[in-house]
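Below: the structure, in structure tokens.
The values are calculated or read from the model by the stated rules, or taken from the named source; none is laboratory data. On a predicted model such as this, the values are computed, not experimentally measured, just so you know. Here the Cβ is made from the backbone with ideal geometry for all residues, glycine too, and neighbour counts use every protein chain on show.
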Amino acid sequence: MARSRARGAALAALVAVEEGAHLDRALRKSDFLAGKDARERSLARRIARGTLQMRGRIDWILERVLERGNPEDLDIRTRNLLRIGLYQILYLSSVPSRAAVHETVRAAREAGGEPASRLVNAVLRGVLREGVPEGAPSLEEDPAGHLSVALSCPRWLAARWVSRLGVPATASRLEAANRTPPLSLRVVRDGDLDRVAREIEKEGRKTRRSRISPSVLLLPDGGDPTVLRSFREGRVLVQDEGAALVGSLAGPLPRGARVLDCCAAPGGKGLPIAASAPGGLLVAVDCSLWRMGRLRENLARLRLDNVRTAVADALNLPLREGTRFDAVLVDVPCTGLGTLARRADLRWRVREEDIARLAALALRLLRAVADAVEPGGLLLYSTCTTEPEENEETVARFLREDGRFRMEPPEVQVPDGALAPDGTVRVLPEIHGCEGAFAARLRRVRDGCARSVSH
């Protein structure tokens, strides 16, 4: 019965995602269904994430083994139970295939009764007996079709990346998107990393230092961060090493700096700045009440008294006329296509037209916050996507429009291959082994006219 609870919890998360929930919220709720056993919660999360990652290939198989052909014709629970079962058979080597089938069939009986359990049993045992069907698109004749099936992504995305990057680089990027990332912890205060690492290792967890960001510890075995003393005491935040690197590009800041974080929640970029500059002030603004709730949870853990928060739209900042900041951070809403390994639902949520829509929104945000930057101050633009329309093309257009700003290179060390000729920083999953991230440091020049700089 215990193992069946893990499948039931994974099923609940997958159904919630299909109905519109984001995966992280769905997993939080499904934890209760998995029970108090940490192993069951871990298994449920692994099945849910892995099933979403490999859903493209799994659905291609289901289209060939189902009598009606299209898994979308099934009810939402039966469809996702079949996906869960195939994921375990094909990818989850830690669970014997016959045990995976047995437990998934039990979960199907609990969720949909005998008709669902019979169908799930027949399909899964058929694949065990006969293997995966043949007939996938050829890499030579249809590279986008082949990669979309073999490495599980929407065809439009595979075609886009093949056209821009070529077949080998696209394959590498999709393989990176299907990895299981480590738990990544951003150590909040400067100089605290060694002490936090020793403390975590005393708690029986292995750690290694990030090669991408010197403020990050990686826990290769993953696990629940909330059980760690350093997390409970507010000395670490859960944050990927690529995002941590981007956040560090705001520095160095003058003593007592006033910083505005415009799309702030859940606080990964701005709160470490506030923690390392106790004499300054961070104003954190976000338009999402739920996400701002997460920032305030983090703020309460970190026990910072130099942060002010507001639920507001950065397109219409609630600032007194003439209010200026030494640094303005704008981590814009984006497609997030650099984060597919951690956010497995994104590959099925994002649409091709979202790229242009979000690039336009990013430009509007840059225009809206530019006046809040003190002359001589810094505007740090960042995303977690890999797409040039949302990244360097948006920045270039903004600089053409607003002559008060110029690009400047980072003042902190960045990984090999991350610094582009134009001075922007681009971290790529297939090259750097972490989430994709992008940032541009834009300096507001004092004399009001931008000057080009060479790199």
Restricting attention to strands (runs of 3 or more DSSP E) lying wholly within the stretch 346-455, give those where 1 or more residues are within 23 Å of ARG320 (Cα to Cα).
373-383, 405-408, 437-444
Tell me which residues, restricted to the stretch 65-85, are of a type in the set (D, E, K, R) and modelled with pLDDT under 90.
GLU67, ARG68, GLU72, ASP73
Criterion first (polar (S, T, N, Q), over 23 Å from PHE231 (Cβ atoms), surrounded by 19 or more Cβ atoms within 10 Å (Cβ to Cβ) and in contact with an Asp or Glu (Cβ under 8 Å, 6 or more places away or on another chain)) does THR339 satisfy it?
no
Taking the stretch 190-210 as the region of interest, how many residues are modelled with pLDDT of 95 or more, under 17 Å from GLN413 (Cα atoms) and part of a loop (DSSP other than H, G, I, E, B)?
1
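Yes/no matrix, rows are residues, columns are (1) closer than 24 Å to ALA243 by Cα; (2) in contact (Cβ under 8 Å) with a residue 12 or more places away in the chain; (3) in contact with a Cys (Cβ under 7 Å, 6 or more places away or on another chain); (4) buried (at least 16 other Cβ atoms within 10 Å of the Cβ):
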{"residue": "ALA122", "(1), (2), (3), (4)": "no, no, no, no"}
{"residue": "SER138", "(1), (2), (3), (4)": "no, no, no, no"}
{"residue": "VAL149", "(1), (2), (3), (4)": "no, yes, no, yes"}
{"residue": "LEU157", "(1), (2), (3), (4)": "yes, yes, no, yes"}
{"residue": "THR170", "(1), (2), (3), (4)": "yes, yes, no, yes"}
{"residue": "PRO182", "(1), (2), (3), (4)": "yes, yes, no, yes"}
{"residue": "ARG211", "(1), (2), (3), (4)": "yes, yes, no, no"}
{"residue": "LEU218", "(1), (2), (3), (4)": "yes, yes, no, yes"}
{"residue": "PRO225", "(1), (2), (3), (4)": "yes, yes, no, yes"}
Yes or no: the stretch 94-110 includes at least one residue that is closer than 30 Å to ILE431 by Cβ, modelled with pLDDT under 95 and among the hydroxyl-bearing types (Ser, Thr, Tyr).
yes
Could you tell me which of the residues LEU319, LEU380 is touching a strand residue (DSSP E or B) at 6+ places or on another chain (Cβ under 6 Å) and among the aliphatic types (A, V, I, L, M)?
LEU380
Looking at ASN316 and the list (1) under 30 Å from THR180 (Cβ atoms); (2) in contact with a helix residue (DSSP H, G or I) (Cβ under 8 Å, 6 or more places away or on another chain), which single condition is not satisfied?
(1)
Filter the stretch 211-229 down to the residues that are among the polar types (S, T, N, Q) and not in a helix (DSSP H, G or I), then identify the one that is nearest to GLY417 (Cα to Cα).
SER213
Counted residues in the stretch 178-189 being part of a loop (DSSP other than H, G, I, E, B) and within 19 Å of LYS269 (Cα to Cα) come to 2
If GLU175 satisfies every condition in (1) buried (at least 21 other Cβ atoms within 10 Å of the Cβ); (2) assigned to a helix (DSSP H, G or I); (3) in contact with a Leu (Cβ under 8 Å, 6 or more places away or on another chain) but one, which is the exception?
(1)
Yes or no: the stretch 38-47 includes at least one residue that is under 30 Å from PRO137 (Cα atoms), modelled with pLDDT of 90 or more, in the same structural domain as ARG118 (by TED's automatic domain parsing) and out of contact with any Ser or Thr (no Cβ under 6 Å at 6 or more places or on another chain).
yes
Answer with yes or no whether VAL216 is aliphatic (A, V, I, L, M), under 21 Å from ALA341 (Cα atoms) and assigned by TED's automatic domain parsing to the domain that holds THR424.
no
Only one of ARG186, ARG205 is surrounded by 15 or more Cβ atoms within 10 Å (Cβ to Cβ) and either more than 23 Å from the chain's Cα centre (by Cα) or of a type in the set (Gly, Ala, Ser) (or both). Can you tell me which?
ARG205
Would the stretch 348-370 turn up any residue that is of a type in the set (Asp, Glu), crowded, with 23+ Cβ neighbours inside 10 Å and closer than 28 Å to LEU27 by Cβ?
no
Give, as residue ranges, the helices (runs of 4 or more DSSP H) completely inside the stretch 1-66 that count at least 3 residues that are in contact (Cβ under 8 Å) with a residue 24 or more places away in the chain and more than 23 Å from LEU183 (Cβ to Cβ).
2-18, 55-65
